[in-house]
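Data block below; observations after.
The values are calculated or read from the model by the stated rules, or taken from the named source; none is laboratory data. Everything numeric in this text was worked out from a predicted model, so none of it was measured. In this analysis, Cβ positions are derived from the backbone assuming ideal geometry, glycine residues included, and neighbour counts consider all displayed protein chains.
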Amino acid sequence: MPHTRLIATLAFSDGTPSVELPIIKGTMGPDVIDVRKLHGQTGRFTYDPGFMSTASCSSAITYIDGDKGELLYRGYPIEQLAVHADYLETCYLLLHGELPTVAQKQAFVDIVTHHTMVHEQMQMFFRGFRRDAHPMAVLTGSVGALSAFYHDSLNIHDPRHRDISATRMIAKLPTLVAMAHRYTQGLPFVYPRNDLSYSANFMHMMFSEEGKPYQVNDVLVRALDRILILHADHEQNASTSTVRLAGSSGANPFACIAAGIACLWGPAHGGANEAALNMLEAIGTPDKIPEFIRQVKDKNSGVKLMGFGHRVYKNYDPRAKLMRETCHEVLEELGLHDEPVFKLAMQLEKIALEDEYFVSRKLYPNVDFYSGIVQRALGIPTPMFTSIFAMARAVGWIAQWNEMISEPDQKIGRPRQLFMGPLPRDCATD
Ligand code: SDX
C-alpha cells in the first residue's frame, strides 16, 4: 500500500484560492497540520493565544495522553519509573533516551556527585538578597548567575559543552536550592557530601544542624526522590516552552533555565503547589469546604481550587495518584496518621470529584494538589515547594533544550500577531 500523503484542504469563503496543507503523523497522539507555508501561500496567520491547538515542535522525550491520564518518559510509564527507577536514572533516560546500564549509571552518578559544589563566590551573590526574599527570586537570580562562572561550557553548538552544562545544572541545582532555603532561614550554608545519594545529599544540605549531621531516613529520602521523578518533565508546558523559546535565540543554557524558573513560579503553573497548601490551610476544617466550593463556583470571587485542573489532563493526573500514595507513606513513616491537612485534602478531592461544576469541566487533581502536603511533612517550608519543582524539572528543561538545539533546521522562535491597534496617523504638526 503506497504511503498516502494525508492532506488538509483549507477553503475560503471570500474566493481566496484554497490551499492544501500536509498532515504529519507522530508515533502516538494527535496528527498535526503543517501550517509553515500558510502565510506564504495565503498572507494569513493561524490564531491560537494560549496555544490551545498548537504543536510548537516535534519531540521524542515525553508523551501525555490527557484523556487517559497517561504520562510516559521516553516510552516508560511514570508509574513504572516511580517504582523501578531513581531520579538520576530518570535524568539519564530523559537526556539520552535509554535507561542507563550499570556502568553508565555509575559513571553518571560519579560525575554528578563530583559537580555539586558551587563557586565559593556564589555566597557573596546570595548575601546581596534580603533574608525574607522568596526562594524562587533567589533561585532565578543564582541560576542565571551561573553563566558568569562557567565560561568554558557555553558554546551551545558543541555537544560536549551541552553535556557539561547539563551535568553542572543537575548537580548544582540542589546545592543552590538548599542555599536559598538556608539563607532565607538565617542558617549557615551546608556543603554537599559526596558519600550520600543525590536526594540524601539534598536533605543533608537542607536540614543538617551544626554538630548534628542529617540522619538519613531511607523512606523519606525515597519519597523525595520519587517527588523529583514525578516532576522531571512534562512535554511542552509553559516553563519548558519558555526554555525552548529562550534557547532558540542561542542564549546560554544557564540563562535559559533561569527563564524557565521564572515562568514556573507563576501560581497557574509550578507556583500552584505553594498556593494549594496555603489554600488548604486557609480552609482549615472540613466544615468550611462547602463555603469554599461555593466561592470557587462564583466566577466573581476569583477563587480557584488550586492543585486542580490541567490544560492537557481531562482525567486524573497520574502524578497526583502517585503523590497521594507517597504522601500516605511519609505520613505513616512519621506517625502522622491523622495529619489534618491530608485528611482535609482527601475530603476536598472527594467532594470536588462528585460536584457537577468540576465533573463537567473535567477538573481533576494535578501534580500540585498533594505535593505540598508531602513536602511539608518532609520538613520543607511552603515557600520552598516551587524551588523543589524547579530542581526536579531542570533535567526536563535541559533535555528539551538539547533536543531543540540539536535540530538541523533549528530557527529562532518568532510568533506573529493579530494587530488590533490604531491605523497609521501623524503626530500633530502645528
Ligand atoms: C502545572 O502544562 C503542564 O504540563 C503544567 C504542569 C507541569 O508538570 O509542567 O502539569 C504543572 O502547572 C499543573 C497545573 C497547576 N496549576 C493549578 O493547579 C492552578 C489551578 N488550575 C487552573 O488555574 C487551571 O486549571 C490551569 C491553569 C491549570 C489550566 O487552565 P486552562 O487549561 O487554561 O483552563 P481554563 O482556565 O480555560 O479552565 C476551563 C474552565 C473555566 O471555567 P469556564 O470558563 O468553562 O466556566 O475550568 C475552570 C475555569 O474557570 N477552572 C477552574 C480551575 N481550573 C479551571 N475552576 C476552579 N478551579 C480551578 N483550579
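Can you say whether residue 63 is out of contact with any helix residue (DSSP H, G or I) (no Cβ under 9 Å at 6 or more places or on another chain) and within 19 Å of residue 397 (Cα to Cα), as far as the supplied structure shows? Can you show your working first?
Numbers: out of contact with any helix residue (DSSP H, G or I) (no Cβ under 9 Å at 6 or more places or on another chain): yes; within 19 Å of residue 397 (Cα to Cα): yes.
So residue 63 fits the description; yes.
Answer yes or no: is there a residue in segment 116-126 that is among the charged types (D, E, K, R), at negative phi and within 23 Å of the chain's Cα centre (by Cα).
no
Starting from segment 298-312, keep only residues that are closer than 12 Å to residue 365 by Cα, then list their pairs with residues that are near the ligand (Cβ under 6 Å from one of its atoms) and not polar (S, T, N, Q) whose Cβ atoms are within a distance under 6 Å, requiring at least 6 positions of separation or different chains.
Qualifying pairs under 6 Å: 305/296; 306/272; 307/272; 307/368; 308/363; 309/363.
Among the residues of segment 198-228, which ones are within 18 Å of residue 82 (Cβ to Cβ), surrounded by fewer than 20 Cβ atoms within 10 Å (Cβ to Cβ) and of a type outside the set (A, V, I, L, M)?
Matches in segment 198-228: 218, 222.
Looking only at residues in segment 42-51 that are away from the ligand (no atom under 16 Å from the Cβ) and in a loop (DSSP other than H, G, I, E, B), which one is surrounded by the fewest Cβ atoms within 10 Å (Cβ to Cβ)? Break it down stepwise before answering.
Here is the first cut: in segment 42-51, the residues away from the ligand (no atom under 16 Å from the Cβ) are 42-47.
With in a loop (DSSP other than H, G, I, E, B) added as a condition, the list becomes 43-47.
Values: 43: 8, 44: 13, 45: 13, 46: 12, 47: 10.
Across segment 42-51, the extreme among qualifying residues is 43.
In segment 207-216, is there at least one residue being touching a Pro at 6+ places or on another chain (Cβ under 9 Å) and away from the ligand (no atom under 16 Å from the Cβ)? Steps first, answer last, please.
Pass one, segment 207-216, residues touching a Pro at 6+ places or on another chain (Cβ under 9 Å): 210.
Subsequent filtering for residues that are away from the ligand (no atom under 16 Å from the Cβ) retains 210.
Yes, some residue in segment 207-216 is touching a Pro at 6+ places or on another chain (Cβ under 9 Å) and away from the ligand (no atom under 16 Å from the Cβ).
Just for segment 238-262: of the residues that are within 11 Å of the ligand (Cβ to nearest atom) and crowded, with 23+ Cβ neighbours inside 10 Å, which one is nearest to residue 93 (Cα to Cα)?
The extreme case among them is 240.
Need the failing condition index for residue 337 against (1) free of Cβ contacts under 8 Å to residues at least 40 places away in the same chain; (2) on the phi < 0 side of the Ramachandran plot; (3) within 12 Å of the ligand (Cβ to nearest atom), just the number.
Of (1) free of Cβ contacts under 8 Å to residues at least 40 places away in the same chain; (2) on the phi < 0 side of the Ramachandran plot; (3) within 12 Å of the ligand (Cβ to nearest atom), only one is false for residue 337: (3).
Can you confirm whether residue 54 is within 24 Å of residue 309 (Cα to Cα) and in a loop (DSSP other than H, G, I, E, B)?
Yes, satisfied.
Scan segment 273-309 for residues that are away from the ligand (no atom under 11 Å from the Cβ), over 18 Å from residue 386 (Cα atoms) and not hydrophobic (A, V, I, L, M, F, W, C) and jot them down.
Those that are away from the ligand (no atom under 11 Å from the Cβ), over 18 Å from residue 386 (Cα atoms) and not hydrophobic (A, V, I, L, M, F, W, C): 284, 285, 286, 287, 288, 290, 291, 294, 300.
Residues of segment 356-384 being among the small types (Gly, Ala, Ser) and either in contact (Cβ under 8 Å) with a residue 24 or more places away in the chain or more than 11 Å from the ligand (Cβ to nearest atom) (or both), which ones? First the steps, then the outcome.
Taking segment 356-384 first, the residues among the small types (Gly, Ala, Ser) are 360, 371-372, 377, 379.
If the condition is that a residue be among the small types (Gly, Ala, Ser) and either in contact (Cβ under 8 Å) with a residue 24 or more places away in the chain or more than 11 Å from the ligand (Cβ to nearest atom) (or both), then 371, 372, 377, 379 are the ones that fit.
Would you confirm, using the coordinates I've provided, whether residue 312 is within 11 Å of the ligand (Cβ to nearest atom) and of a type in the set (Val, Ile, Thr)?
The answer is yes for residue 312.
With 379, 372 as the choices, which residue is small (Gly, Ala, Ser) and crowded, with 24+ Cβ neighbours inside 10 Å?
On the way: 379 fails: crowded, with 24+ Cβ neighbours inside 10 Å.
Testing whether each residue is small (Gly, Ala, Ser) and crowded, with 24+ Cβ neighbours inside 10 Å leaves just 372.
Would you confirm, using the coordinates I've provided, whether residue 289 is in contact with a Pro (Cβ under 9 Å, 6 or more places away or on another chain) and hydrophobic (A, V, I, L, M, F, W, C)?
Numbers: in contact with a Pro (Cβ under 9 Å, 6 or more places away or on another chain): no; hydrophobic (A, V, I, L, M, F, W, C): yes.
When the stated conditions are applied, residue 289 does not pass them.
Need the failing condition index for residue 274 against (1) crowded, with 16+ Cβ neighbours inside 10 Å; (2) modelled with pLDDT of 95 or more, just the number.
The failed condition is (2).
Please verify whether residue 232 is within 26 Å of residue 134 (Cβ to Cβ), within 8 Å of the ligand (Cβ to nearest atom) and of a type outside the set (Val, Ile, Thr), treating the condition exactly as stated.
Values: within 26 Å of residue 134 (Cβ to Cβ): yes; within 8 Å of the ligand (Cβ to nearest atom): no; of a type outside the set (Val, Ile, Thr): yes.
So residue 232 fails the test.
Search segment 47-64 for residues that are at negative phi and of a type in the set (Asp, Glu) and pair each with any residue that is surrounded by 10 or more Cβ atoms within 10 Å (Cβ to Cβ) and assigned to a loop (DSSP other than H, G, I, E, B) when their beta-carbon atoms are under 8 Å apart and the residues are at least 6 apart or on different chains.
Partner pairs satisfying both residue conditions: 48/54.
Just checking, which of 288, 362, 304 is of a type outside the set (Phe, Trp, Tyr) and on the phi > 0 side of the Ramachandran plot?
Details: 288 fails: on the phi > 0 side of the Ramachandran plot; 304 fails: on the phi > 0 side of the Ramachandran plot.
Just a single option satisfies the conditions, and that option is 362.
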